[in-house]
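Encoded as structure tokens, the structure appears first; notes follow it.
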Amino acid sequence: MTTSGQGPSDFRFTAFDFDPSKYDSMMSSFEAVRKQLKDIPDLLNVRVVKTLENRMMVMSGYRSRNALEAATDKHTAIFADFAQYTVGHPLVRAGERVARIFGEVPMNEFKYMRFVRAIIDPSKYDAVMSYLNGGILESLKDVPGLSRVIITRISEERMLSASGYIDKTAADAASDRVQNVLSGISEYLTEPPLIREGELVWLYQYNA
């Protein structure tokens, strides 16, 4: 799937634990790799979210699956350099964007993200997508403070929703409404969703 001019079609998510005492140095290292990121073809954006005091989620968006796969070696090399800050091994997942909606907040203005991992019965995937594409996601477009919701299928049985909000206050205020809207897929889940969220602490945009 290619979405030229329409934003990323494929995403890589990298979650890792880090030594909090090295946070400032690690953030300086993110800035130091900005030039390397500019040299990766069709890498459209990278967002780094601090989801816990000692955990980060890095969300990288590519124009196509081919671009994502071609960048794998560069991604591995960059995170090898971050080994001095990390604890344990990063958890890396990647997949195709299967649904999204845009809210009222412009792309470059949201500062808070919420990630929801859902494990589904793979045989019910079509039913899940039918529900999501039946207008239920569109009903979230007017949620105050919401910028976007992007849903990625990262394996046969795993889906990951990434939502961007103007701030934590907006994300918290929207929580009940979003949960009510998405409750319709609960019958297709094989275990409770896992939620991680936090402040956006670093951003790369290819055209910035």
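The values are calculated or read from the model by the stated rules, or taken from the named source; none is laboratory data. Quick caveat: nothing in here was measured; it's all calculated off a predicted structure. Cβ: placed from backbone, ideal geometry, glycine included. Neighbour counts: every protein chain shown.
Hey, can you tell me all the residues within the stretch 158-208 that are basic (Lys, Arg) and either touching a Gly at 6+ places or on another chain (Cβ under 9 Å) or under 14 Å from residue 145 (Cα atoms) (or both)?
158, 168, 177, listed by residue number.
Having 3 or more residues that are at pLDDT 95 or above and either basic (Lys, Arg) or buried (at least 19 other Cβ atoms within 10 Å of the Cβ) (or both) is the bar; report the helices (runs of 4 or more DSSP H) wholly within the stretch 12-87 that clear it.
65-70
Would you point out which residue out of 135, 145 is out of contact with any helix residue (DSSP H, G or I) (no Cβ under 9 Å at 6 or more places or on another chain), of a type outside the set (Lys, Arg) and at positive phi?
135
Quick test for you: out of 98, 105, pick the one residue that is at pLDDT 95 or above, within 20 Å of the chain's Cα centre (by Cα), at negative phi and part of a loop (DSSP other than H, G, I, E, B).
None of the other options fit; the residue is 105.
Quick check on my filter: what residues within the stretch 40-79 are free of Cβ contacts under 8 Å to residues at least 60 places away in the same chain and farther than 20 Å from residue 94 by Cβ?
Across the stretch 40-79, the qualifying residues are 53, 54.
So is residue 90 assigned to a strand (DSSP E or B) and either out of contact with any Cys (no Cβ under 9 Å at 6 or more places or on another chain) or surrounded by fewer than 18 Cβ atoms within 10 Å (Cβ to Cβ) (or both) or not?
Against the criterion (assigned to a strand (DSSP E or B) and either out of contact with any Cys (no Cβ under 9 Å at 6 or more places or on another chain) or surrounded by fewer than 18 Cβ atoms within 10 Å (Cβ to Cβ) (or both)), residue 90 qualifies.
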